[in-house]
Structure formats: structure tokens, C-alpha cells
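Data block below; observations after.
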Ligand code: PHE
């Protein structure tokens, strides 16, 4: 029996792969293997002999089985190691430039402006693109009969016949997020909300879906001067220049009082858009001091808190910064356009690392 044991343990140790090991198993402890044959001989033995040989054979069988199992596990580990060695992938290799997707200019501009406003202490808020007309209009001091509703070329959601709840709308601006943020977070408050908005309008600088970023700062001591400083700092950082010329024009919005629209100096020579020079102005945002009624609609005491708000066109400032002449091409999903105007998705814009380099 010692010879049997020595023979099979050696064969097991020497088996080079799972097939060889299986052959050893069959020859040793398989149904017709050598140990089974020996077991059959037990019947011919005397009772005394059997009492010694029986347990010894069983012990031998157990020993061979556990050697087989151990070797099988070792072979499995080795096979896995071998696979890992041949199938390795270097994830630190640069991606293949031709296969690399790119960031859309709107996403890039959103990342950049978020980095800038974050530095000034604004956090990012979000709201739904389909909203009730209460959030989109009423809470913003635009009651049902107000001409601003018509001016905004609103897309109304269809209601089933007989359903006379007020309609939902595709939000026409990001201003409803002012109300939602006030309700959720109270005052003091400093948020921006970038996102898509919708209006029925279409030409070289208007598309039915476009992007705005809302800004809102509420506190006990905020004035128009804070608004002007924040916007000037933003515009300088965003366009990565020491000075840009802004024009504040008195204007009117139902949800701010006083209100100002802000234009940026630019030129449109030969269809090429340039910022900071030329005789043209491009409107980039609406702004003002938040109307007390709006603060109250957000559940905040307007006698204690006041603040400023602005709504800026993200697509507009992306066109200006990256020199893209036609807004309509933004949303055509033309791969050649995306490759030309897209940004590397591996460069995250930060103020210290550079915004768009
Ligand atoms: N919601 C306005 C628009 O879309 C912009 C705006 C926002 C104006 C906040 C003032 C304050 O035109």
C-alpha cells in the first residue's frame, strides 16, 4: 500500500494540467482504478486481515483524493495566473485619439462656469425641465394674464380632454429653480442652476431648446453692486481676459426690480464672431434684484432678505468664447462639427489648472 501511495502522490505532483490530473484520478481512485480493485480483494480476505486492510485502503483513498483536490486548485490558480498574464490591459495607456469622444461646447462651458461660480461660493441646484406653470410663471410674479407668458413662446404640455388642471409647461427659463431652491434651502442662499430650457423660436441665435444658467444670491445685505461685481468677475474668468466690456441696460422682468440686461462687446466680421472688440453687442443675460413677491413665494421673509438673480445663455457665451457662428449647428449632432468644436473629455476645467486649455 505504501508503494501505491508513493506512486500516485508522485504522479499527482507531476501532472502538468487538468487532463493529466484526471487521468491519474481515474487510474487511482476511479471506478476501475487500482484502489477500487484492491477494495474488491477485501472480500477474499479473512475477517482479521480485512479489519486492518479496510481502514488502510479507505485512508489511502482519502489521501489520494485530497492530494488530487489540492493539485486541482493549484492548477486552477496557475491557469488563472496564466490568463491574467496574457490578457492584461494597460489602463494607463492614452486612449486612441480617433476613437475618443469629445465634450460638447455646451458641456464644456457648463463645466467651466460651474468651476468659476463654485470658487465664488455658489453651489449647483437642479430642477425639472417639465414644470408646473406655477413654478415657471405665477411664483415668479407672472400671473395668468401677464404678457410675458406670450412673449416667452411657451410650449404647453397637452392635457387630456376634460382634465382642467392647469397645464405643465416645458420650462421657458431656469428661474423656476429659484423658487424650488428657496423652498428647499431657505436663506441665506447662493446657487447657480445650469440646464436646458425651451421656447418656440428658431434662427441663427435661437433654437427651441437651449441652455441657461440661473444665479441666485440671497442674504441680509445684498445690493446691485454685488451683482455687478459677480458678473464682471465671472465674465473675465470665463473669457480668460483681463477686461471685457459689459453694458448694463435698464430693462424689465416681472421677477426682478430693478432689472438689467447685460450685453458684451463683440463683432461679427465675415460671419466670424469675436468678443471684446467691434461695434456690436450681444445680449448674454438678464438680471436684477429679486422681487419681494418672488422671495415671499419661495417661503422666505422679504423684509429680512433680499438678493440678486440672473439668467445667462450658456450657448450664447459658448458661441462667443469658442467663436462658433451658428447656434443651430449646436444641436445637429454632426460628427464633423463635434470633432471640430468638441473638447477633450479628459481635461477637467479648473480655475488653477486652466479652463479651456
Ligand atoms: N429668466 C430670464 C429670462 O429667461 C432671465 C432672468 C433671470 C432675468 C433672473 C432676471 C433674473 O429671460
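The values are calculated or read from the model by the stated rules, or taken from the named source; none is laboratory data. No experiment lies behind these values; they were computed from the predicted model shown. Note that we place each Cβ from the backbone using ideal geometry, even for glycine, and neighbour counts take in every protein chain shown.
Could you tell me how many of the residues in the stretch 114-144 are in a strand (DSSP E or B) and over 21 Å from residue 189 (Cβ atoms)?
2
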Spans of helices (runs of 4 or more DSSP H) in the stretch 1-66 with at least 3 residues out of contact with any strand residue (DSSP E or B) (no Cβ under 6 Å at 6 or more places or on another chain) and either farther than 25 Å from residue 78 by Cα or not assigned by TED's automatic domain parsing to the domain that holds residue 77 (or both): 2-14, 34-41
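Name the residue that is farthest from the ligand (Cβ to nearest atom), counting only residues in the stretch 302-329 that are touching a residue at least 40 places away in the same chain (Cβ under 8 Å) and surrounded by fewer than 19 Cβ atoms within 10 Å (Cβ to Cβ).
323
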Taking the residues in the stretch 163-203 that are out of contact with any strand residue (DSSP E or B) (no Cβ under 7 Å at 6 or more places or on another chain) and not in a loop (DSSP other than H, G, I, E, B) as candidates, determine which candidate is nearest to the ligand (Cβ to nearest atom). 179
Any residue at all in the stretch 232-252 that is within 12 Å of the ligand (Cβ to nearest atom), in contact (Cβ under 8 Å) with a residue 12 or more places away in the chain, out of contact with any helix residue (DSSP H, G or I) (no Cβ under 6 Å at 6 or more places or on another chain) and under 25 Å from residue 119 (Cβ atoms)? no
Test result for residue 110, assigned to a helix (DSSP H, G or I) and within 30 Å of residue 355 (Cβ to Cβ): yes
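In the stretch 153-167, what residues are touching a residue at least 24 places away in the same chain (Cβ under 8 Å) and under 21 Å from residue 207 (Cβ atoms)? Even if it seems obvious, please write down each step before you answer.
Residues of the stretch 153-167 touching a residue at least 24 places away in the same chain (Cβ under 8 Å): 153-155, 157, 166-167.
Answer for the stretch 153-167, where residues must be touching a residue at least 24 places away in the same chain (Cβ under 8 Å) and under 21 Å from residue 207 (Cβ atoms): 153, 154, 155, 157.
Conditions tested, residue by residue: (1) modelled with pLDDT under 90; (2) closer than 30 Å to residue 313 by Cα.
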{"site": "4", "(1), (2)": "yes, no"}
{"site": "20", "(1), (2)": "no, no"}
{"site": "40", "(1), (2)": "yes, no"}
{"site": "54", "(1), (2)": "yes, no"}
{"site": "63", "(1), (2)": "no, no"}
{"site": "70", "(1), (2)": "no, no"}
{"site": "85", "(1), (2)": "yes, no"}
{"site": "92", "(1), (2)": "yes, no"}
{"site": "116", "(1), (2)": "no, yes"}
